[in-house]
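Just below is one structure, and these are the notes that go with it.
Laboratory data are not the source of any read-out in this text; all were calculated from the coordinates shown. Treat the numbers as computed from the prediction; the structure is a model and nothing was measured.
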């Protein structure tokens, strides 16, 4: 199994969507690439993200990127849906340089590559979100989600 981290706005919907994808083993809501080892009130540079464990025999990084691009606006900087701010930026993070190379290759193969603002960076740090954020939309299906319901439930 391998792990990659996807930041695509509010993590509630991102987690609900990613966990339905074929080849994904588990997900965890968290925060990535912040400036400290804790999250305080201002998030200290962290992005909301979903830690994604997947089976590389069943799904590729390129396919994960394709799915990821179904739920984000890759041209929007620090904003997804009604969520605005640095913590809602889009990004792909990994400790595996091959993951990052493939993610960058996915973007570089697109005709709109010069317009895309999704950051592709090594994972510097990660903090698991509080339990209230884990699988939030399963427990509270009427909570806000920036991902349209027909896309959110596309692979269920």
*Hey, what number do you get for the chain at 222 nm if only DSSP H runs of n ≥ 4 count, each worth -39500 (n - 2.57), divided across all residues, to the nearest 500?*
-6500 deg cm²/dmol
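From the Cα trace of the chain, what convex hull volume per residue do you get, rounded to a whole Å³? Display every interim value, and only then the final one.
Working: hull volume 17.0 nm³, N = 156.
Dividing the Cα hull volume of the chain by its residue count gives 109 Å³.
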